[in-house]
Every structure is written in structure tokens, then in C-alpha cells.
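The values are calculated or read from the model by the stated rules, or taken from the named source; none is laboratory data. From a predicted model like this one, the values you see are computed outputs, not experimental measurements. Cβ placement follows ideal geometry from the backbone for every residue including glycine, while neighbour counts extend to all protein chains displayed. SASA here: full protein model, heavy atoms, side chains in, ligands and nucleic acids out. Shrake-Rupley method; radii C 1.70, N 1.55, O 1.52, S 1.80 Å.
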Amino acid sequence: MRAPAYHGVVVPVSRPRVTLRFNERDLPPYYTQEKPHRGVDLSPFPGATGDPVRSPVNGTVVLVGFHLAAGNELVIRSSLPYPYTATALDGVVYEVAAHQPFWLRLAHNHEVYPKAGEQVAAGEVVARIGATGRNVTGPHLHFELRINQYENGLVLDPLDFLSACVVGFKQTVVYTGDSRV
Ligand SMILES: [Zn+2]
């Protein structure tokens, strides 16, 4: 049983450009005021289908499947031994407590490697960048963070999570806004 004493968080795609931010609403036509973007879209630079998607954390794969909108998706449950804060869709900043479980959703993958129930390690290649799912305009990773539970859990800004947990991320991440969904 793997139990690495490593609590670092890894950015899931290399040299990411943020092509769509959390809670963005200025989107045709499938996102509306009632349905903001619930994650962040990360595109590797230069970026292509097949680029590696790395597990951001040590955790347990709780779901692997095909979702009509999200395409080939992977959900990882984990926790960290330190607290961090992240903003919800209503603008409220939540503190996620040390050891509080959270779920990371990795969507639109070209392919996914682990199966539900398996353990994954931070940095492990768990999928390949793709454009599967509905209304996807180019290869990217849709990355979500949820707390409390997975289904109907509270979604938080994954960029806050990466900024809090990955040294140097906030200073280097680039927003381009050049892709949708
Ligand atoms: Zn997205």
C-alpha cells in the first residue's frame, strides 16, 4: 500500500495557460448567469492532445467515466495536512481545514489511466489532455475543486488552491482567455 509522506501539490498540466477562469459568465451559449464556469481551464503550452495530465495530489480515484459535457473524467479524493483558503461562486472565501477531504475533477481527457478505487501519487500521469465532451473547442484540462461532498459539493476556485499550495504558481500562471469551455 502506497503511503508517501509527501504533501506537495503539483500543477496538473505543464506550463499552464489559464484559458477560462472560475466563475466566468461571459460565455455563449451554454453558460449563462445561472450556470457559471465551475472550474478552471488549463491548457499546456504549447499544448496538444496527448500531453500529460498529472495528479495534483496523493489521493484515491473515486470516479472514472464518460460524462456528456465533461467527456472522459477522473475524480480524485484527497486532503492536505494544512489549511488553505479558496473562493466559492458566491464570492465567499472558505477555509478548507487541515485533513478536510476535497475532490478534484479532471475533465475532457483524451484518455484516463487509473481505475476507480486506485491510489494515485502527486505528479503521476493519470490522463492525457483531450477535447472530449460537449462544446469543447480545443484540447485543455477542465479542473474543479469541491469540498463537503462530490455530488452537490461546494465548488471552489481551483486557482486559489494551486496558488495556495504550489510555490511560485501565482507568480507564473498566465491568463489568455483564448479558449472556451
Ligand atoms: Zn472548463
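A Förster radius of 30 Å combined with the Cβ-Cβ distance from Ala48 to Tyr82 puts the calculated FRET efficiency at roughly 0.30.
With a ≥ b ≥ c the root eigenvalues of the C-alpha gyration tensor of the chain, is it rounded (a/c under 1.5), prolate (a/b larger than b/c) or oblate? Spell out each step's value before the answer.
On the way: a/c = 1.38, a/b = 1.16, b/c = 1.19.
Cα axes put the chain in the rounded bin.
Counted residue by residue at 0.36 nm each, then reduced by the alpha carbon distance between them, the extension gain from Ala69 to Lys170 reaches 33.5 nm. Take Leu159: with every protein chain present and a 1.4 Å probe, its accessible area is about 30 Å².
With every protein chain kept in place and ligands, DNA and RNA left out, what is the accessible area per residue of the chain? Probe 1.4 Å, answer in Å². Could the numbers behind the result be given before it?
On the way: 8420 Å² over 181 residues.
Value for the chain: 47 Å² per residue.
Tell me the trypsin sites (Lys or Arg not before Pro) within the stretch 91-181 that lie in a loop according to DSSP and have at most 13 other beta-carbon atoms within 10 Å.
Details: sites: Arg105, Lys115, Arg128, Arg134, Arg146, Lys170, Arg180; in loops: Lys115, Arg134, Arg180.
Answer in residue order: Lys115, Arg134.
Okay, helix-only estimate at 222 nm for the chain: each DSSP H run of n ≥ 4 adds -39500 (n - 2.57), divide by all residues, round to 500 deg cm²/dmol; what do you get? Numbers along the way, then the final one.
Working: 2 runs with 12 residues, N = 181.
After summing the helix terms and dividing by the residues of the chain, the value is -1500 deg cm²/dmol.
Once the chain from Asn135 to Val92 is taken as fully extended at 0.36 nm per residue, the excess over their C-alpha distance is 12.6 nm.
Sites counted here are chymotrypsin sites (Phe, Trp or Tyr not before Pro) in a DSSP loop (not H, G, I, E or B) having no more than 13 other Cβ atoms within 10 Å; the longest part of the chain that contains none of them is 31-181. Residues whose amide H lies under 5 Å from that of Tyr84, counting only those 5 or more places away or on a different chain, are Val96; hydrogens are built 1.01 Å from N in the peptide plane. Tell me whether the stretch 68-123 comes out rounded, prolate or oblate; compute the Cα gyration tensor, take square roots of the eigenvalues as a ≥ b ≥ c, and use a/c under 1.5 as the rounded threshold. Verdict is oblate for the stretch 68-123. In this structure, the amide hydrogen of Val13, modeled 1.01 Å from its nitrogen in the peptide plane, lies closer than 5 angstrom to those of Arg54, counting only residues at least 5 positions away or on a different chain.
Roughly speaking, to the nearest percent, how much of the chain's 1.4 Å accessible area is carbon and sulfur? That fraction is 52 percent.
Quick check on the chain: of the DSSP beta bridges with both residues there, what percent are antiparallel, nearest 5%? Roughly 95 percent of the DSSP beta bridges within the chain come out antiparallel.
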